[in-house]
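Notes follow the structure.
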Amino acid sequence: MRQFLTLFLAMSVALPPAGFAKKTEKAKPDADARLFQQKLPKDDQIRHAVDRLTFGARPGDLEAVQKMGLKRWVDLQLHPERIAENPELAARLKPLESLRMTQAQIAANYPTPQLIRAVANGRQPLPEDPVLRASVERIAAKYKAKRAADGDKGAAEEDLEPAKKLNEILSADQIRVLRTGKPDDKRQLLASLPVDQLDDMLIAMPRPMRQQLISNVPEETRRKILMLNAPLQVVNYDLTEGKLYRAIYSNSQLEEVLVDFWYNHFNVFLDKGADRFMVPVYERDAIRPNVLGKFRTLLGATAHSPAMMFYLDNWQSVAAAPANARGNKRAVRGLNENYARELLELHSLGVDGGYTQKDIIEVARCFTGWSIKNPQQGGDFVFNPRTHDKGEKVVLGVTIPAGGNESDGEKVLDIIAHHPSTARFISRKLAMRFVADNPPSQLVDRMAETFRKSDGDIRAVLKTMLESKEFQSAGAFRAKVKTPFEMLVSAVRALDAQVDSAFPLANQLIALGQPLYRKVEPTGYSSLNAEWVNSAALLARMNFALNLAQNHINGIKVDPEKLSYPKVSPQTQATIDQAMKDKAPTPALTAGLILGSPEFQRR
Amino acid sequence: MNRRLFLKSSGVAMFGVGTAPVWLSRALYAADAPSPRKKVLITVFQRGAVDGLNMVVPFGESRYYDLRPNIAIPKPASAADGAVDLDGFFGLHPSLKSLKPIYASGKLAIVHAAGSPDPTRSHFDAQDYMESGTPGRKATNDGWLNRSLVAEPGHNSPVRAVSLGTALPRALRGHNDAVAINNLADFQVKDTAGAQSFESMYAGSVDKVLNGTGRETFDAVKLMQGIQKQQYTPSGGAKYPTSRFGQSLKQIARLVKADVGLEVAFTDFGGWDTHVNEVGPKPTVGQLANLLTDFGDSLAAFYSDLADRMDDIVVVTMSEFGRTAKENGTRGTDHGHANAMFVMGGPVHGGKIYGEWPGMAQEQLYEGRDLAVTTDFRDVLGELVTRHLGNRELARVFPGYDAPRYRGLLG
């Protein structure tokens, strides 16, 4: 602690740049333009690049970049395939089994309520795995009991009884320890039980008793508890833990930043029906491999993904039936514009990209028949020629001849991926994330030019941006307020905290205003400062900062003396000094105050 | 000495940071205002574009049934789950039945075929325009609700403008102080030493954005602490739904009754983007029915909880655009144009549907597909801002909107 205190006293104090007018941040074009031409001093260049290309510096990171050379480090981050992965990350990802499954495996191993109902109705067999079996049996029995209560015939309460009662599995003393014992005693007891007995015990426990064990058990047992409560919970748990672990521990930081960026660009809401089990595969197979590749590939991968088709309803969109000769208006399915509109507005051209309502309908017609095979069983993409609109379409002035089948959609993706509006829209959005809320238009122009010349090569566009004078300028320096996710991860990293269970951090993010994978709207979360600066969010950040530094968050071990954050303003420093005079000084309070300070909210 | 300074110096000196009790704050307001009771405007935003035609059903319009063979709400009395008749032509969705008594008592008005003149069908742009109050103009960087606050230098409560939730919406951003409160109980820094340090740290910060928000936040926190310690029991047996919207309205009710200087409040409610399976096997089942039950029951609970205090209150609801007149191919509706707005409160001339009905014949529909707008949303909001909040400078609240046509919603 002493070491870093001297560090920030010794370092020159850089104040935030101008250009932050009151709240509404009115653009002052002239002043801003000058600042974007003003080069950053050498020390700040490293700090700035690390702040933008990673989720925050850990102790020692800045020194390591300095040693390697900034240019080489940036180049390495642009080529994550050359970076050796952190074994700490691999160890943490290992138990998160669902992250490695196919969609069908996820659906089978973590059944949805619909599938469990099918079991209850005898339409599906019970699974083999004992924990999964018990879970499915219980939920199915509850479903039957409810049906019985609703006046339907069916099984009732006795089905809820486990095969063995808790007092047949454990002694009275053991049960007492689990109910009222100290955490250490609980842990010891649980560790001493053979696996079969542990499974039987978990199955026999009433849900609240099981739930209260959750923070005291190793990862594997925790998963069993979640499984018994609701199998699908495990998928959500793996997904959010995986995202947090990667952001905190991955050595390929830029890749993780980009996975976050592109997932958010092609946002899917986790809690919409079948997306509950489709999202992990979507992120892993459609987004992650393409974050530095060609934009057309990324766009195509999202367009083909069941997760996106389910989220934006395209899987149900079919050719409008021609007017029925008998005037029968009964349930004929037809066109749904949802995906077509968001594809043009949010994924590619941008809202001012020059398309019309007519274009949206034509695009929707092209994508009829792009569907999902049995979504509830984790089905894959399927093109259904029977529901495809076979007529001629005109999209953005380009005629797509009749009879093109699946290639109609591909043609739309070609047209929009190579449209100048897309080059500009995507470039600007990247610059808003990496440079400033209102990036200089000359920079965006150059990025868009690279986009066009390189056939939409995202790595090349990023390179143009990262090597620009605007990126390494006073105008960009600390111009961005961290999103809650960025703030949380950067705090954990600055403390070099040991995260043994990331899920409590996911809960913190709900209070901070950015629940992971749960942005309902297809816009994704905003990266604009004004979206994240408000009273509720600020108080939540301060509380999180103090809780984290004081070791009040389950599953995370923090040594506040390790905190590495080189720059706070003299005002902030004076406040911290005052606090230390008023109270018995503790490293935890100091660290908490720094993490909650105005400076730490920016990157 | 202005009130805030007084609150800061003497209030804090007497009780220490964050402990100024609510009676003190009340007394402070009483000292420089004739009455601590303020006129309050509460804005509810239905994000995602609610289907106005199924929310307030034009059952007297036969084209409505032609265009929606699978998802129309049946006429009143024609089915157990038919529309709740309002005036022989319009009816409420059956899941909104709890609003009928308020309508019948003349405290709830509806403006149909209301909306924005801008043709966009983008959720994001349309919400942005409706919140900035400047349709078609993207450069506006503050919100109409913020601008609607009457300038009273030095006499403003820190919780004059409140949004419920973890974000400050576009409508409330701007020059006047506005705070976002996610939950009254959590509206504090729980560690006392930390709270004091953060307050002075943000007060001294040269970061203008964070400095401003920090100051507003800690002013509001002090005022809230008195309220946090009190138990809250809604009056009149009001039962708020446990939903986010129900709980938001409940917290607004607490703020109103605590007389802490609330003037405008904002809360939003998402999930209305019903492209698929909008209506289930019967009208009271399905996505829209669930959302509307929550919507109606929450508003009705707020109305009975506030009882006499409704005399000071107007609640207005809005949504970025309506949905297609015709159902789509997946038992839902796509993005459309005009919608319906609710206006509820003591001063409201309710029990009436306002606005010209544009009709739903093919040639009457906007771009041949959507309900046409006959009332600009600024006509409704402008009337509330002028006649209820007493802000006469409408040209500042809705710049570029020169000729509002008030509908006579208020007395």
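Please treat every number below as a calculation from the coordinates, not as lab data. Quick caveat: nothing in here was measured; it's all calculated off a predicted structure. Note that each Cβ is placed from the backbone with ideal geometry, even for glycine, and that neighbours are counted across all protein chains shown.
Overview of results
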{"item": "Spatial separation of Cα centroids for the range B:219-247 and the range B:355-385, in angstrom", "result": "37 Å"}
{"item": "Computed over the range B:293-392: relative contact order in percent, which uses C-alpha pairs under 8 Å that are six or more apart", "result": "24 percent"}
{"item": "Chain A: DSSP helices with Cα axial extent of at least 20 Å and average Kyte-Doolittle hydropathy no lower than 0.0", "result": "A:535-549"}
{"item": "Residue (of A:Ile400, A:Pro522, A:Ile415) at the positive-pole extreme of the range A:398-547, dipole from beta-carbon charges", "result": "A:Pro522"}
{"item": "Charged-residue dipole, Cβ positions (Lys, Arg, Asp, Glu), the range B:190-338 about Cα centre, Debye nearest 20", "result": "360 debye"}
{"item": "The range B:41-191 - Rg over Rh from alpha carbon coordinates, Kirkwood radius", "result": "1.07"}
{"item": "Other protein chain Cβ atoms within 10 Å, averaged over every residue that makes up A:537-549", "result": "6"}
{"item": "Translational D in µm²/s for the range B:200-352 (Stokes-Einstein at 25 °C, 0.890 mPa s, Kirkwood Rh from C-alpha pairs)", "result": "133 µm²/s"}
{"item": "Whole-Hz ³J(HN,Hα) from phi, Karplus 6.51 cos²θ - 1.76 cosθ + 1.60, for the range A:83-91, glycine and proline x", "result": "9, 6, 7, 6, x, 4, 6, 4, 4"}
{"item": "Inter-probe distance in nm under a simple model that places probes 7 Å from Cα toward Cβ, at A:Lys142 and A:Ala64", "result": "4.4 nm"}
{"item": "Protection proxy ranking, peptides B:81-88, A:535-542, B:140-147, B:68-75, average beta carbon neighbours within 10 Å, highest first", "result": "A:535-542, B:140-147, B:68-75, B:81-88"}
{"item": "Over 23 Å (Cα to Cα) - which of B:Lys38/B:Lys138; B:Lys107/B:Lys257; A:Lys294/A:Lys482; A:Lys294/A:Lys429; B:Lys100/B:Lys257 fall in this group", "result": "B:Lys38/B:Lys138; A:Lys294/A:Lys482; B:Lys100/B:Lys257"}
{"item": "Distance from the range A:512-576 to the range A:443-484 (C-alpha centre basis), Å", "result": "26 Å"}
{"item": "Computed over the range A:168-265, Kirkwood Rh from alpha-carbon pairs, angstrom", "result": "15.5 Å"}
{"item": "Which of A:Val234, A:Asn547, A:Pro125, positive extreme of dipole for chain A (C-beta unit charges)", "result": "A:Asn547"}
{"item": "Ranked A:Asp185, B:Asp334, criterion: other C-beta atoms within 10 Å, fewest first", "result": "A:Asp185, B:Asp334"}
{"item": "Mean shadow area of the range A:261-383 over all directions, Cα convex hull, nm²", "result": "8.6 nm²"}
{"item": "Summed side-chain charge close to B:Val343 - residues other than B:Val343 whose Cβ falls under 13 Å, Lys, Arg +1, Asp, Glu -1", "result": "+2"}
{"item": "Ranked list, fewest to most other Cβ atoms within 10 Å of each Cβ, for B:His93, B:His123", "result": "B:His123, B:His93"}
{"item": "At R0 = 56 Å, FRET efficiency that the Cβ-Cβ distance of A:Arg100 and B:Arg309 yields, to 0.05", "result": "0.45"}
{"item": "Residue exposure sequence - A:Phe383, B:Phe266 - by fewest surrounding Cβ within 10 Å", "result": "A:Phe383, B:Phe266"}
{"item": "Principal axes of chain B: Cα extent on each, largest first, Å", "result": "70, 45, 38"}
{"item": "Neighbour-limited loop hits for chymotrypsin sites (Phe, Trp or Tyr not before Pro), the range B:31-124 (at most 16 other Cβ within 10 Å; DSSP other than H, G, I, E, B)", "result": "B:Phe89"}
{"item": "Estimated translational D of the range A:458-589 in µm²/s (Stokes, Kirkwood radius over Cα pairs; 20 °C; 1.002 mPa s)", "result": "125 µm²/s"}
{"item": "Per-residue mean of C-beta atoms belonging to partner chains within 10 Å, peptide B:324-336", "result": "5"}
{"item": "Dipole magnitude of the range A:424-558 about its Cα centre (Cβ charges: Lys, Arg +1; Asp, Glu -1), debye to nearest 20", "result": "140 debye"}
{"item": "Dipole magnitude of the range B:66-127 about its Cα centre (Cβ charges: Lys, Arg +1; Asp, Glu -1), debye to nearest 20", "result": "200 debye"}
{"item": "For the protein assembly as shown, share of DSSP beta bridges that run antiparallel, in % to the nearest 5", "result": "50 percent"}
{"item": "Along chain B, longest interval not containing exposed GluC sites (Glu not before Pro), exposed being DSSP loop plus at most 15 other Cβ atoms within 10 Å", "result": "B:1-355"}
{"item": "Inter-centroid distance (Cα atoms) of the range B:159-195 relative to the range A:368-433, Å", "result": "42 Å"}
{"item": "Test item: B:65-77 mean partner chain Cβ contacts at 10 Å", "result": "1"}
{"item": "The range A:397-490, relative contact order [Cα under 8 Å, separation at least 6], %", "result": "24 percent"}
{"item": "Structure-based [θ]222 nm, the protein assembly as shown - -39500 (n - 2.57) summed over DSSP H runs of at least 4, per residue, nearest 500", "result": "-12500 deg cm²/dmol"}
{"item": "Local electrostatic count, B:Ala372, Cβ distance below 11 Å [Lys/Arg +1, Asp/Glu -1]", "result": "-3"}
{"item": "Listed residue (A:Pro95, A:Ile83, A:Pro59) projecting farthest to the positive dipole end of the range A:26-97, Cβ model", "result": "A:Pro59"}
{"item": "Cα-derived Rg to Rh of the protein assembly as shown, Kirkwood definition", "result": "0.95"}
{"item": "Percent RCO, i.e. relative contact order, over the range B:105-161, from Cα pairs under 8 Å lying at least 6 residues apart", "result": "20 percent"}
{"item": "Label-reachable residues, the range A:340-373, where backbone N falls under 19 Å from a point 7 Å from A:Glu392's Cα toward its Cβ", "result": "A:358-367"}
{"item": "Around A:Gln376: net Lys/Arg minus Asp/Glu count, Cβ-Cβ under 15 Å", "result": "+3"}
{"item": "Ratio of the Cα radius of gyration of chain A to 2.2 N^0.38 Å, where N counts its residues", "result": "1.08"}
